[in-house]
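Report on one structure; see the data block that follows.
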């Protein structure tokens, strides 16, 4: 069994059995909470406006208003600007009545809950998009329903209200993911309890607003009635969706072509990854190893950066994507290992690094591999290394030397996960 260690965000999706243990077993054990993305100034939203049909769903969270000192005024203004551009201001309470209830940082977007007069509005923002729900009046469920869908967005985000529920998973009703070497699978969101019965999660990072969804309440708390089937939910799409008309990226180098393949190959029928034109190609890791049954397995991973942080996208043996927000404060170590994979023999490391570093040398067990840094990212495979990457890092047995363009050493020391 091959170990795979990923220091990034929690996994979102079910994988084929033959690869699930390798990729996710060690990820979910003892993972530290990822750092939140920085607050960002509002983007100017250009003139591409799409109005999506969707009915209003009732909610009243009862959450106290966030103090003005912590309210993200720039995001609220950006959400209101999208409503103005859509020509639907008459359907929403005036901007002057808006108060931020809470804000959730997701993989590639930010979800903000807003008290607008006596109603509630959810607004999701990414680098190039704004999605705004129709105003919602009350959270009261109808009949015996414990779960109610509030919003699903073109960025793959789901907002659900749950009554007397500790935790919840949401997944596609049908298997929408296809793999070359395994059975089809579901897209699954491990929902986080945002505030007072409102759950928010990333089902995907592309548009699944037309896909049927189901919820499984109390899926991780041990309270789930295993005889109860998943609950169908129908969260409406946003009432307003505005997308910035970004310049299309060009893809010519090997790294750029791998990034283009990544961004347009989620494999779930939802189109390209959100904010696709904003990503700039970084390092590419491409290597082959022989398995115990004498088969050759190819692993191919491309890194990319944008204003929110760093992305790692695996293309082979299966498609998978992870996001790593930029740290709020400068780290002590300029080299950040984002993912690693231990083989027997061999190990792969990838991550990001401070601006100004052009070359990186990684040393372990008497062997050194030197690699170029591309767009502040690196990826390296050490074919003869043995052992578990986290264990070697903990023992400070993997060291790095970083050089600038003049060949001067700007950092030398042990790697940190």
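Quick check on my filter: what residues within the stretch 369-417 are in a helix (DSSP H, G or I) and either touching a strand residue (DSSP E or B) at 6+ places or on another chain (Cβ under 8 Å) or outside the structural domain of residue 340 (by TED's automatic domain parsing) (or both)?
389, 390, 392, 393
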- Note on the structure: The condition of being on the phi < 0 side of the Ramachandran plot, at pLDDT 85 or above, out of contact with any helix residue (DSSP H, G or I) (no Cβ under 9 Å at 6 or more places or on another chain) and in a strand (DSSP E or B) holds, among 111, 191, only for 111
- Is it the case that the stretch 260-280 has a residue that's in contact with a strand residue (DSSP E or B) (Cβ under 7 Å, 6 or more places away or on another chain), in a strand (DSSP E or B) and in the same structural domain as residue 367 (by TED's automatic domain parsing)? yes
- How about the stretch 386-417: which of its residues are within 23 Å of residue 314 (Cβ to Cβ) and in contact with a helix residue (DSSP H, G or I) (Cβ under 8 Å, 6 or more places away or on another chain)? 398, 415, 416, 417
- Restricting the search to the stretch 70-96, which residues are in contact with a strand residue (DSSP E or B) (Cβ under 6 Å, 6 or more places away or on another chain), assigned to a helix (DSSP H, G or I) and within 18 Å of residue 136 (Cβ to Cβ)? 76, 79, 82, 83, 86
- Item | Count - residues of the stretch 281-302 that are modelled with pLDDT under 85 and either surrounded by 17 or more Cβ atoms within 10 Å (Cβ to Cβ) or not assigned by TED's automatic domain parsing to the domain that holds residue 316 (or both) | 1
- Task: Kindly check whether there is at least one residue in the stretch 254-269 that is modelled with pLDDT of 95 or more, surrounded by fewer than 16 Cβ atoms within 10 Å (Cβ to Cβ) and over 21 Å from the mean Cα position of the chain (by Cα).
- Result: yes
- Message: Residues to consider are 340, 312, 328; find the one that is surrounded by 18 or more Cβ atoms within 10 Å (Cβ to Cβ), in contact (Cβ under 8 Å) with a residue 12 or more places away in the chain and more than 22 Å from residue 274 (Cα to Cα).
- Response: 340
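The values are calculated or read from the model by the stated rules, or taken from the named source; none is laboratory data. Fair warning: this is a prediction, and the values are worked out from it, not measured in the lab. Because the Cβ atoms are built from the backbone with ideal geometry, glycine has one as well, and the counts that use them run over all protein chains shown.
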